[in-house]
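Throughout, read-outs are computed from the coordinates displayed, never taken from laboratory work. If you're wondering where the values come from, they're calculated on a predicted model, not measured in any experiment. Because the Cβ atoms are built from the backbone with ideal geometry, glycine has one as well, and the counts that use them run over all protein chains shown.
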Amino acid sequence: MKKLLFITWDADTSNYLEALFFPIFNKLTKNTNIQIHVIQFSWAKTQEVLRLQQIAQIQQITFSHVYVNKDMWGMLGVLIALFKGFRIIKDYIKNHHITHLMPRSTMPAFICNRINGWLKANQIKLIFDADGLPLEERLDYTSLSANSLQYKFLKKQETIMLLAADSILVRSKAAIEFHRKRTPLLPLNKFHIVSNGRDEDLFHFNQAERTQTRQELGIENDAKLFIYTGSLGPQYALDEMLLIFAAYHASNPNAKLLLLSRMPVRFSPQIPSQIRRATIILQKNFEVVPRYLSAADFAFCLRLPAPSLAGIAPIKLGEYLLMGLPTIISKGIGDLDLWASKQAFLHTYDHLNSNRFNKVLDWMTTNNFPKQPIIDFAKSKLSLNQTAIQYKSAIS
């Protein structure tokens, strides 16, 4: 039996493990002879750790947590976790007879780089989840500088891991091109494009839930409901979403916008006065998201323009499309421009085009969007089954 150990580094809260990786790993366990173990390094509190452990147990995943003490004299706690981490991982591999190690992104790569030689000597396969272009994303959206020692150090660690890995997981063709251009020694056959597939048993349109949820939200039968679900950091172009909705609302005053997040949301001052009463803000857990998607008519999948967009694949897109929702996507995200050029239910939104509002309004008002073709497309590209097959190929 193959035993895969997935290593991740997170903040005090995160929902991508339960929303993305746990379902993928559960599907792998059911469909193959691969047993999944997860070690999460984070500064999450006990309640959050217990919550994840319970979810992992239900999904037949062995979950362990390593606490990172961020309150210990600045960065000292982080450094201690980084430098002790390799011993924790090495001991875990020995004690649980792990056959495959999968660090996700830069910090786990740094920890695992310290045992690369030992891994090869013990014939443990190394799979690197490169996770889009995370360092370039920090250059684009944070104060990190390409000339800083931090960036140069982390980039070096990423490159070491890319070269050492037996397989590399990415989310787009553009990400492969980026890595091979920067590190020409990387062979093409190392790379595996994996989708962020969603569970079609969970994300399926339900007419009864649509009717009930719209009634609860006070939405008229003929009104259009726009929806965004997920994180609401600055890179997710909230202001642009509000402007698009405001433009549509000006001619369709019964339309509503629903912003749904698992975390507390505090941005009411950003909402223009003319759409404040038409905007609904809810804090809900992941498992109830599908009923709100059933109630919606259009979805937003926007990111502020940046070079790092080429490496990502938005998790929420699979959820939207499996529910049959026509979706507005930012230009330049992963491989989505190619998809949008062939699928009328995807609108490529160019943030730099001065005529962008007229274009998106025209798309919304002149097209018909039957749900079934959207759902069929999503099942072929973004289902959990498809993603599990892609992961199995990379692991084997």
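Table for the structure above
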item	result
Residues in region 170-203 reached by a label modelled at Ser380 [backbone nitrogen below 20 Å; 7 Å Cα→Cβ]	172-173, 193-201
Mean-position separation - Cα centroids, region 104-163 and region 174-252, in angstrom	27 Å
Lysines with Cα under 26 Å of Lys342, excluding same-chain neighbours fewer than 8 positions away	Lys173, Lys224, Lys316, Lys331, Lys359, Lys371, Lys379, Lys381
Amide H within-cut-off set for Phe191, under 5 Å, with H built and near neighbours excluded	Ile168
Helix 384-395 axis, angle to the chain major axis (alpha carbon atoms, nearest 10°)	20 degrees
Rel. contact order, % - alpha carbon contacts under 8 angstrom, at least six apart, the chain	16 percent
For Rg and Dmax of the Cα atoms in Å, calculated from these coordinates, the label among (i) 22.7, 98; (ii) 24.4, 74; (iii) 21.6, 67	(iii)
FRET E, pair Ala121, Leu188, Förster distance 22 Å, beta-carbon r, rounded to 0.05	0.25
Highest-fluctuation residue, Thr29, Thr348, Thr46 considered, GNM on the chain with Cα pairs under 10 Å	Thr46
Relative contact order (percent, whole number), region 1-84, Cα cutoff 8 Å, 6+ residue spacing	31 percent
Karplus (6.51, -1.76, 1.60) ³J(HN,Hα), θ = phi - 60°, over region 193-206, in Hz, Gly and Pro reported as x	7, 10, 8, 8, x, 10, 7, 6, 6, 8, 9, 9, 5, 9
Region 2-193: C-alpha gyration tensor shape, a/c 1.5 cut-off, then a/b vs b/c	rounded
Proximal charge balance of Lys2 [Cβ under 12 Å; K/R count +1, D/E count -1]	+3
DSSP-assigned coil residues among trypsin sites (Lys or Arg not before Pro) in region 233-341, each with at most 10 further Cβ atoms within 10 Å	Arg266
Summed side-chain charge close to Leu133 - residues other than Leu133 whose Cβ falls under 15 Å, Lys, Arg +1, Asp, Glu -1	+1
Extension reserve of the Ser143-His351 stretch, reckoned as 0.36 nm per residue once the Cα distance is removed	72.7 nm
If the convex hull is drawn through the Cα atoms of region 1-96, its volume per residue in Å³	83 Å³
In degrees, nearest ten, helix 207-217 long axis to first principal axis of the chain (Cα)	70 degrees
Exposure proxy ranking, count of Cβ atoms within 10 Å, fewest first, for Phe300, Phe153, Phe245, Phe22	Phe153, Phe22, Phe245, Phe300
Sorted by Cβ neighbour density within 10 Å, fewest at the top, the residues Met161, Met323	Met161, Met323
Cα centroid separation, region 27-44 to region 314-376 (Å)	33 Å
Rounded to 10°, Cα long-axis angle of helix 238-249 versus longest principal axis of the chain	20 degrees
Long-range lysine pairs (8 or more apart or interchain), region 43-105, Cα under 22 Å	4
Fewest-first sequence of Met241, Met75 by Cβ atoms within 10 Å of each Cβ	Met75, Met241
